[in-house]
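See below for the structure under consideration.
The values are calculated or read from the model by the stated rules, or taken from the named source; none is laboratory data. Since the model is a prediction, treat every value here as computed from it, not as a measurement. In this analysis, Cβ positions are derived from the backbone assuming ideal geometry, glycine residues included, and neighbour counts consider all displayed protein chains. Areas reflect the complete protein model, heavy atoms only, side chains present, ligands, DNA and RNA absent. Shrake-Rupley method; radii C 1.70, N 1.55, O 1.52, S 1.80 Å.
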Amino acid sequence: MEELPSITVSQREQFLVENDVFGMYSYFDTSDIATQKFMVEIQRDKQLDYLMNGLRQLGPSFSSLDANRPWVCYWIIHSIALLGESVDDDLENNAIDFLGRCQGSDGGYGGGPGQLPHLATSYAAVNTLVTLGGEKAFSSINREQMACFLRRMKDTNGGFRMHNMGEIDVRACYTAISIASILNIVDDELTRGLGDYILSCQTYEGGIGGEPGSEAHGGYTYCGLATMILINEVDRLNLDSLMNWVVHRQGVELGFQGRTNKLVDGCYTFWQAAPCVLLQRFFSSQDIAPHGSSSHMSQGTDEDHEEHGHDEDDPEDSDEDDSDEDSDENSGNGHQVHHTSTYIDRRIQPVFDSLGLQRYVLLCSQVADGGFRDKLRKPRDFYHTCYCLSGLSVAQHAWSKDEDTPPLTRDILGGYANHLEPVHLLHNVVMDRYNEAIEFFHREA
């Protein structure tokens, strides 16, 4: 008797995930309109309750994150900002005071008061303070000591160490340059040889690994690409190969995986979608057509891309309110003239399925009681909440050629009730907070 072919553990896990995801999609597709609208709605009140409660008090099970406390602050406060909300004065002052106690006397921020300064927690602390906004938060950062700390982390190979005597990798390079860019302390010493190091981490697949010789990975690809853009050396990368790799990380589940042959994970909604948009906007600015992405292009044209989960009888999905931006009622000859090309010129078709990605996050990652998760059957956590919401924002704004162009209603699964604040793609902080910080730190220079 012929033996049935065996499957690997990876194949079995993939089949189980696909079964869960397609089961959820099938339930959604066969539900009535009222149920569908509820399922794809961001439950803002539940999300804010989950986030605010976490910021006020965490239980004993979070003790394993004792060396990551600035990260917890960032994940929560950034998520709140994405939802268009802010913390009250007491929580804001407590956060600024706590992060001040994490700041080392010789620069940088540790994972908690008295802990070793570390580039990752420094990045989280700076982004948190930028997100809180205001002079008190900004002025709490010791820019001079931070510049000294970054220089101490600089290695002779062009890269950066995460901490004193720590590992050198692409993550360290990104966090260092992101901090320096926002604080306006970038100099030749910090950027010297950095492009060479990032270039050495791009793999044969096209993505970027954590260090030379490592496998291409979504998080490191974002870090490497963002770093190269920040230091104005992005054209040194093989961008066609990079684009080809990243767009093919979106799988049949419509979410993104982090590496080849790995499972879908909600956090890569940001880590992979952001590079897609960064690359496409770069190609567009150079008037270059990206190669290798046509087979994975998004859902049709600008006229018909609303088919993912939008019902023609749903008034919230109507584009009537978009028409004002496409017309000019006061033309020179006194007639109403529609200038649809004015707005269309500010739009671009994404190279990934932006509405499909939103579908995965809202149906498979969102938790009804608040928070987001990796995938169905997984628990919620603040990390996935932060990067699922960040990626949702990226997907909602993916049809815009730049951060100043707002999305249309049909770009947002669930309609404008789900609209999230736009993020700065190179730093992952809300745009208006970023602009406020940049203005402040340029005055301080």
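With the simple model of a label 7 Å out from the Cα in the direction of the Cβ, Asp97 to Asp404 spans 4.2 nm.
As a check on your grasp of the helix formula, calculate [θ] at 222 nm for the chain: sum -39500 (n - 2.57) over DSSP H runs of n ≥ 4, divide by the residue count, round to the nearest 500. Write out the running numbers ahead of the final one.
Numbers: 19 runs with 203 residues, N = 445.
One gets -13500 deg cm²/dmol as the mean residue ellipticity at 222 nm.
The mean sequence separation of alpha-carbon pairs under 8 Å and at least six residues apart, normalised by the residue count of the range 82-126, gives a relative contact order of 23 percent. Solvent exposure of Arg56, expressed as accessible area, is near 140 Å², computed with a probe of 1.4 Å over the protein chains only. Largest accessible area first, the residues Met165, Met243 order themselves as Met165, Met243 under a 1.4 Å probe with ligands, DNA and RNA left out. Inter-part distance, the range 350-393 to the range 121-161, computed on C-alpha centroids, equals 29 Å.
What's the long-distance tail for the range 60-170, i.e. % of Cα pairs beyond 16 Å? The partial results should precede the final answer.
Values: 3576 of 6105 pairs.
Cα-Cα pairs of the range 60-170 separated by over 16 Å account for 59 percent.
Of the DSSP H helices in the chain, none is both long (alpha-carbon extent of 27 Å or more along the helix axis) and hydrophobic (Kyte-Doolittle mean at least 1.6).
In this model, which of Lys136/Lys401; Lys37/Lys378; Lys37/Lys262 are farther than 28 Å apart at the alpha-carbon?
On the way: Lys136/Lys401 34 Å; Lys37/Lys378 23 Å; Lys37/Lys262 31 Å.
Over 28 Å Cα-Cα: Lys136/Lys401; Lys37/Lys262.
Working note: Cα gyration tensor of the chain, eigenvalues times five, square-rooted, sorted largest first, giving semi-axes of 34, 27, 25 Å. Per-residue accessible area (protein heavy atoms, 1.4 Å probe) orders Asp381, Asp45 as Asp45, Asp381, starting from the largest. The gain in end-to-end length when the Thr260 to Asp20 segment is fully stretched comes to 84.4 nm, 0.36 nm per residue minus the alpha carbon separation. When the Cα positions of Leu392, Ser31, Ala445 are compared along the charge dipole of the chain, Ala445 comes out farthest toward the positive end, with charges on each C-beta of Lys, Arg, Asp and Glu. For the chain, what's the relative contact order in percent, using C-alpha pairs closer than 8 Å and at least 6 residues apart? That works out to 18 percent.
Starting from the amide H of Phe352, placed 1.01 Å from N in the peptide plane, find each other amide H under 5 Å away whose residue is 5 or more places distant or on another chain. For Phe352, the qualifying residues are Ser298.
Taking amide hydrogens as placed 1.01 Å from N in the peptide plane, the amide H of Gly111 sits under 5 Å from those of Leu116, each at least 5 positions away in sequence or on another chain. Given 4 °C and 1.567 mPa s, how large is the Stokes-Einstein diffusion coefficient of the range 1-131 in µm²/s, with Rh as the Kirkwood radius over Cα pairs? This corresponds to a translational diffusion coefficient of 71 µm²/s.
Accessible surface calculations at 1.4 Å, restricted to protein heavy atoms, place the chain at 44 Å² per residue. Protection proxy ranking for 29-35, 350-356, using the average of other Cβ atoms within 10 Å per residue and placing the highest first: 350-356, 29-35. Simple rule: put +1 on each Lys or Arg Cβ and -1 on each Asp or Glu Cβ in the range 192-239, find the dipole, and look at Tyr204, Tyr222, Leu194; the Cα lying farthest toward the positive end is Leu194. Solvent-accessible area of the chain (1.4 angstrom probe, protein heavy atoms only): carbon and sulfur portion equals 47 percent.
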